[in-house]
Amino acid sequence: MQPDFGFFEVDVWGNYVGTGVSGARGCTMGGVVKVGDITQPYLVANELISARLAQLLALPVPPGVVAQVDAGEYAYVSLRFGKKGARPPPTIPKHLVSDNPHMAAGIIAFDCWIANTDRHDGNLAYSRDYVGIQLFDHGHALLGAEPGLGTERLLRYADHRPVVSSCLAPHVTMSQPFLPWAERIGSVHDDIIRDLVASGAACGLTGDEANEAAEFLIKRKSRILDLLRSAKQDLPEITDWT
């Protein structure tokens, strides 16, 4: 697999910023911004928490930051990837799974953990001759997209219901690649999860919503394999679960 950091490009080079030996310079890079508002109150927190968790797991998510726009609203800005920002060609899920079974399993396991029901070929980039894997657009994960119903959504999945709504799932044929990802997810320390969710709380979540999101992730992280095993209808080609 090619490294994901090879697909971000500097748009404009600026002046040197100091006299240090590292030769640091200012630059401008393109980004993609999503602004949260009263119609999408969980958007920024969902994006921030999901991206930070994915990075902890070494999944290829574009780097991103939270910013404030002129109206004082929070926004999530992720680096634009691809050649000069050109939109990648449509992802062929079957190619991604066959070429990168380990990473495909990681994406599915991660989406299951964060209750992401919106993984399709439009928010997953991969091409054999253009761009390495990038996954993005997690605004509908965790607390979801409906104002005021974030805690209700988490409670709906808190009974350990599986979430394997992924364009990759029908093409996966082996259970083994999920094992290291389940271990990796389960090893994320509870305090790290709470701290990451707290950063999301600063972007518009209520205290109750933040607490519920943290507890959801903590309780769910140790059950990833069980959840995947129980999602046989979504992973129909896997017959070697033990």
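Annotations
- Figure legend. Inter-residue proximity from region 193-207: first residues at positive phi, second residues at pLDDT below 90, beta-carbon distance below 8 Å, spacing 6+ or different chains. Indicated pairs: G204/G36.
- Under the condition of being open to solvent by less than 10 Å² (accessible area, probe 1.4 Å) and either outside any helix (DSSP H, G or I) or in contact with a Ser or Thr (Cβ under 6 Å, 6 or more places away or on another chain) (or both), the residues counted in region 145-163 number 1.
- Single residue of region 103-122 satisfying the filter (in a loop (DSSP other than H, G, I, E, B) and either of a type in the set (A, V, I, L, M) or over 10 Å from the mean Cα position of the chain (by Cα) (or both)) that is farthest from I224 (Cα to Cα): G122
- Picking from residues in region 1-60 that are of a type in the set (S, T, N, Q) and in a strand (DSSP E or B), the one that is modelled with the lowest pLDDT is T28.
- Residues that are modelled with pLDDT under 90 and aliphatic (A, V, I, L, M) within region 156-168 comprise A158, V163, V164, listed in sequence order.
- Y76 touching a strand residue (DSSP E or B) at 6+ places or on another chain (Cβ under 6 Å), among the aromatic types (F, W, Y) and either at pLDDT below 90 or part of a strand (DSSP E or B) (or both): yes
- Qualifying residue in region 225-237 (condition: in contact with a Cys (Cβ under 7 Å, 6 or more places away or on another chain), open to solvent by less than 30 Å² (accessible area, probe 1.4 Å) and under 28 Å from Y126 (Cα atoms)): yes
- Among the residues of region 181-191, those identified as touching a residue at least 40 places away in the same chain (Cβ under 8 Å) and surrounded by fewer than 19 Cβ atoms within 10 Å (Cβ to Cβ) are R184, V188.
- For region 79-102, the set of residues classified as part of a helix (DSSP H, G or I) and either open to solvent by 20 Å² or more (accessible area, probe 1.4 Å) or without any contact (Cβ under 8 Å) to a residue 12 or more places away in the chain (or both) consists of K83, K84, G85, P93, K94, H95, S98, D99, P101, H102, listed by residue number.
- Qualifying residue in region 133-153 (condition: in contact with a strand residue (DSSP E or B) (Cβ under 6 Å, 6 or more places away or on another chain), closer than 23 Å to L56 by Cα and free of Cβ contacts under 8 Å to residues at least 60 places away in the same chain): no
The values are calculated or read from the model by the stated rules, or taken from the named source; none is laboratory data. Because the structure is a prediction, the values reported are computed rather than measured. Methodologically, a virtual Cβ is constructed for each residue, glycine included, from the backbone with ideal geometry; neighbour enumeration extends over all protein chains shown. Just the protein is used for accessible areas: all its heavy atoms, side chains included, with ligands, DNA and RNA removed. Shrake-Rupley method; radii C 1.70, N 1.55, O 1.52, S 1.80 Å.
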